[in-house]
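Bear in mind these aren't lab numbers, they're just calculated from the coordinates by the rules spelled out. Predicted model, so just to flag it, every value in this text is computed and none were measured. All Cβ positions, glycine included, derive from the backbone under ideal geometry; neighbour counts span all protein chains shown.
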Amino acid sequence: MPKYSILIKGIGAYAPERVVTNDDLSKIVETSDEWIVSRSGIRERHIARPNEATSDMALIACQRAIQNAGMKPEDIDLLIVGTTTPDYVCPSTASVLQRKLGLRNIACMDLNAACSGFIYGLNVATNMLRGGIYRTALVVGAEKITNIVDWTDRTTCVLFGDGAGAVVVTKEILPEITGVLGSSLGTDGSNGNLLMVPGGGTAMPFSEEVLQKHDHFLKMNGKEVFKVAVRVMQQACEELLKRFNITPEQLGLLIPHQANIRIVEAIIERMKLPREKCFVNLDRYGNTSAASIPLALNEAYERGMIKSGDYVLMVAFGAGFTWGANLIKWQ
Ligand code: UT7
């Protein structure tokens, strides 16, 4: 099999127009800007309109990514949408997006790995391009996570925001392998209950009781999730760097999941990475789940923080628990 390089040809992102500040939230739950900033680093987040679906946000991010790649929708032959908040139970958000984007009748699928969805999606696309008939993939992370947030629960509602990001990836045979070098993915389902939406699925079907107990909303044990997040994201980063024989000093940029600045700081401290080698935009977006990494990647790229030849490491963690990292030699 030929040794393909998997290259990111275009990036696009979208965040809804409406910006909600911490002060705005302090009017609906008992909280304060001081508490939210000091515990999470988040200052504001974007929130989708009631009739703005996950696919609507993904559509704009994808159109921008395709345009930035200098391509057309008909060039895409694989679509993977990382999301936990699909438009419908079925059909998949990828199916809806296929129509809205005007793609050919190509392979389209949703991938639910919670906040790690984009990292997983990029790894799946990489292997489908390398090993199969596919040539150009669109990998998306899109989330209307505020739809499953309990707006009466101050321990969770202040943390999340909506958005979408997408990349176009293609394959080329080059003198040496570059682009997406590899990934490290993991799951530990044994503590899945620490971060979940308990009701509304097949295990606890939707009922009056589910509605009353707010079991159709996201529940999280923040303290426990925090500890696991730091540990597994650090491990995924170190395992992947070691596999490719790259030291943290050689990294151009780390793009971590944008959940909490204290989680990010703990990881860079353990990895002994200088702060300027780590990209953060959670102050303006909050935790956008699967959209977090591509939203950050897009912004880092637009700000000129990624140059050709740089090693870029992206790492995420989410419900499941799932986690994963992708290492890219940027072209
Ligand atoms: O996408 C991946 C999944 N998510 C994460 O990665 C999130 C991981 N966890 C976290 O980011 C942090 O644990 C939180 C930001 C959620 C919470 O920070 P913490 O330092 O672990 O705070 P805590 O849960 O221990 O709460 C401290 C206090 C509590 O009061 P008492 O019991 O000490 O009196 C909470 O009731 O802060 C209270 N509290 C709040 N106060 C004001 C909790 N939420 C709020 C709030 N405003 N919004």
Worksheet item: For the chain, with the dipole built from +1 on Lys and Arg beta-carbon atoms and -1 on Asp and Glu ones, taken about the Cα centre, which of Tyr120, Phe206, Ile328 lies farthest toward the positive end?
Response: Ile328
Worksheet item: What are the semi-axes of the equivalent ellipsoid for segment 26-110, taken as the square roots of 5 times the Cα gyration tensor eigenvalues, largest first, in whole Å?
Response: 34, 15, 11
Practice prompt. Pick out which of Ser92, Ser55, Ser207 has the largest mean-square fluctuation in a Gaussian network model of the chain, springs linking Cα atoms closer than 10 Å.
Written response: Ser207
Worksheet entry | For segment 150-194 and segment 96-131, distance of Cα centres in Å | 12 Å
Worksheet entry | Exposure proxy order (Cβ contacts within 10 Å, fewest to most) of Glu249, Glu238 | Glu249, Glu238
Worksheet item: What does the helix-only formula give at 222 nm for the chain: each DSSP H stretch with n ≥ 4 adding -39500 (n - 2.57), the total divided by the residues, and the result rounded to the nearest 500 deg cm²/dmol?
Response: -9500 deg cm²/dmol
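Can you give the charge dipole size of the chain about its Cα centre, rounded to the nearest 20 debye, using +1 on the beta carbon of Lys and Arg and -1 on the beta carbon of Asp and Glu? Please report the intermediate quantities before stating the final value.
On the way: 34 positive and 35 negative charges, 176 e Å.
For this selection, approximately 840 debye.
Mind scanning Lys277/Lys307; Lys144/Lys277; Lys3/Lys329 and naming the pairs with a C-alpha gap bigger than 18 Å?
Working: Lys277/Lys307 13 Å; Lys144/Lys277 29 Å; Lys3/Lys329 15 Å.
Beyond 18 Å between Cα atoms: Lys144/Lys277.
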Item to complete: Post the alpha-carbon centroid distance, segment 1-51 to segment 244-294, in whole angstrom.
Response: 15 Å
Fill in: the chain: most fluctuating residue of Thr31, Thr247, Thr155 per GNM, C-alpha cutoff 10 Å
Thr247
Practice prompt. May I ask you to evaluate 6.51 cos²θ - 1.76 cosθ + 1.60, the Karplus curve with θ = phi - 60°, for each residue of segment 250-260 and list the ³J(HN,Hα) values in order in whole Hz, giving x for glycine and proline?
Written response: 7, 5, x, 8, 9, 10, x, 3, 8, 9, 7
Worksheet item: What is the dipole size for segment 1-94, taken about its Cα centre, with +1 at each Lys and Arg Cβ and -1 at each Asp and Glu Cβ, in debye to the nearest 20?
Response: 340 debye
Fill in: Given charges at beta-carbon only (K, R positive; D, E negative), |dipole| of segment 180-331 in Debye
380 debye
Worksheet entry | Sorted by Cβ neighbour density within 10 Å, fewest at the top, the residues Thr85, Thr178, Thr288 | Thr178, Thr85, Thr288
Fill in: Positive dipole terminus of segment 1-95, leading residue within Ala15, Ile80, Pro91 (C-beta point charges)
Ile80
Fill in: For the chain, share of DSSP beta bridges that run antiparallel, in % to the nearest 5
70 percent
Discussion item. No solvent, one uniform scatterer per C-alpha: report log10 I(q)/I(0) for segment 115-242 via the Debye equation at q = 0.12, 0.18 1/Å, two decimals.
Written reply: -0.66, -1.13
Discussion item. Residue by residue through segment 278-286, what is 3J(HN,Hα) from phi via Karplus (6.51 cos²θ - 1.76 cosθ + 1.60, θ = phi - 60°)? Round to whole Hz and write x for glycine and proline.
Written reply: 10, 8, 9, 9, 5, 4, 9, 10, x
Worksheet item: With point charges of +1 on the Cβ of Lys and Arg and -1 on the Cβ of Asp and Glu, referenced to the Cα centre of the chain, which listed residue (Tyr311, Ile36, Ser26) lies farthest in the positive direction of the dipole?
Response: Tyr311
Worksheet item: So how do Met314, Met220 line up by other beta-carbon neighbours within 10 Å, fewest first?
Response: Met220, Met314
